[in-house]
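Trainee: First the structure, then my questions, so here it is.
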Amino acid sequence: MQNAPQKKILVVGAGFAGLSAAYWLGRHGHQVVIAERGAALRDSGAQVDLRTPGVEIVERMGLLDAVEARQVHEIGFEMIDEHGAVKSRMMANTSGTGTESITAEYEIMRGDMLRLLHDAAKDRAEFRFDAKLERYEQDDEKVTAHFADGTTEDFDLLVGADGQGSRIRKAILPAGAPDPYRRSGVHVAYWIVPRDNTDTDIATMYNAPGGRLLIRRSHSADETQIYFFLRDDSPETRAIHRKPVDEQKRFWAGKLRGAGWQADRFLHALETSDNFYCHEVVQIVADRWHQGRVVLLGDAAHGLPPAGWGVTSSIVGSYIMTHELARTPDNPSVAFARYEAAMRPFIKSKEPASFASYRILLPSTRLGIRLFHTLGQGARTIMLGISKVRARFSTATGRDSNRDRGTWTLPVYDDSPSPAGSSSMSSGEARRGGPERQ
């Protein structure tokens, strides 16, 4: 029998964190409203990874078979020189044991993963598109949300899943708080090109002088994704992401022109691509993830740079927050504090100690590129090192039970709906979040 709604909750943002939260909140009987500023689900974009422990959570949602059916067939990763000669290669580890490679065991297009989460959540939440939250205020009893269309509505709780540029994060951080953006000096643009007979099921990396890196990944029989990384910390480049799309494309075309290899092919497709996006590579470091009846999820709380953990961290954080809330629905501050205490060690294990590795991957000169290729097959060494760090801190659960076990453990909860006020923690409560006790 379906439980009566416990709380009326506003989730701002229909990305990975917001959709995952809506699914679990609805499953626990809450009345959920998702406000998305876009006119529809923003389901375009490039390839994403699903890694342990996100795989376990997706399996608990009943979605893993659907993910497997939509997987991108990528068998490995290679780096080439300007002549197309392979300088290093790392094949995907799909054995279910040992260290994951740069190519994850579960690779899926961003749009496919978002649509799966949306379909899982749509019967558990009310979706409002073209709905922009302008501001809110809260007291001991409620959160009052003010929308751009002039309407006002009261909610019991507010979940900020509104991305790296989160307005909700800005509202809860105290005056004088440090800048939450940890900047790398690296920028990236993504777009889709028609696939041709030179594209294979191995992802290809190509360095060009001027701190430029192209990655080509084919996800279907007809299309190939282009990732263009640029090492440039100029004010012009940092500002380009806020310009109109046509201006962004002209900027990136100018930076790509003359790069060699297949740059001309990619430039031609860029002009007409309707699946284009660019952003600065940053990490979000916020001292506060919650305040009163308001909590942050995903990139709004802890946006990670593109290294394969963004989707998984959003799914994991949503799972922990919603289950902690199910334990104490009438004391959200306590629930949010427990969520943050459990989640921060996971994020800490995934964040880069510095952005030096990103800059190493983007040499400025041809000599630097050749040195990078030559010294101990540098690209493969760095990629393998990143993979080992990932494995060291990953938890091993579910279908990934043979993966290398690390120091962080996914909290154990009872995933069944629970009556108002009861605990959703299983008898394994002592195993909840944070580092394992030795």
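The values are calculated or read from the model by the stated rules, or taken from the named source; none is laboratory data. Quantities reported herein were computed from a predicted structural model and do not represent experimental measurements. Remember, those area values only see protein heavy atoms, side chains included, never the ligands or the DNA or RNA. Shrake-Rupley method; radii C 1.70, N 1.55, O 1.52, S 1.80 Å.
Trainee: Keeping all protein chains in place and using 1.4 angstrom, which order do TYR181, TYR23, TYR277 fall into by accessible surface area, from largest down?
Mentor: TYR277, TYR181, TYR23
Trainee: Roughly speaking, what is the stretch gain from THR152 to ALA269, that is 0.36 nm per residue apart minus the C-alpha to C-alpha distance, in nm to one decimal?
Mentor: Between THR152 and ALA269, full extension yields an extra 37.7 nm.
Trainee: How much of ASP201 can a 1.4 Å solvent probe reach, expressed as accessible area in Å² and rounded to 10?
Mentor: About 50 Å², ignoring ligands and nucleic acids.
Trainee: Sticking with this one: Which ³J(HN,Hα) values, rounded to whole Hz and listed in residue order, are derived for the range 45-59 from phi using the Karplus coefficients 6.51, -1.76 and 1.60 in 6.51 cos²θ - 1.76 cosθ + 1.60 with θ = phi - 60°, glycine and proline given as x?
Mentor: With the stated coefficients, the range 45-59 comes to x, 8, 6, 10, 9, 10, 10, 4, x, x, 4, 4, 5, 4, 5 Hz.
Trainee: Quick one: what are the phi-derived ³J(HN,Hα) couplings along the range 217-227, Karplus 6.51/-1.76/1.60 with θ = phi - 60°, whole Hz, x for glycine and proline?
Mentor: Along the range 217-227, the couplings run 9, 9, 10, 7, 6, 10, 10, 9, 8, 10, 10 Hz.
Trainee: Using θ = phi - 60° and the Karplus form 6.51 cos²θ - 1.76 cosθ + 1.60, what ³J(HN,Hα) does each residue of the range 107-112 get, whole Hz, x for Gly and Pro?
Mentor: Per-residue couplings from phi come out as 10, 8, 5, 3, x, 5 Hz.
Trainee: With a 1.4 Å probe and every protein chain left in place, tell me how much accessible area MET91 has, in Å² to the nearest 10.
Mentor: MET91 exposes around 90 Å² with every protein chain in place.
Trainee: Hey, if we sort VAL412, VAL11 by accessible area with the 1.4 Å probe, largest down, what's the order? It would help to have the intermediate numbers written out before the result.
Mentor: On the way: VAL412 30, VAL11 0 Å².
Heavy-atom accessible area, descending, gives VAL412, VAL11.
Trainee: Over the range 191-236, what number does the Rg to Rh ratio reach, with both radii from the alpha-carbon atoms and Rh per Kirkwood?
Mentor: When Rh is taken as the Kirkwood radius, the ratio is 1.08.
Trainee: Something else about it: Would you mind computing the Rg to Rh ratio of the range 157-253 from its alpha-carbon coordinates, Kirkwood style for Rh?
Mentor: We get a ratio of 1.08 for the range 157-253.
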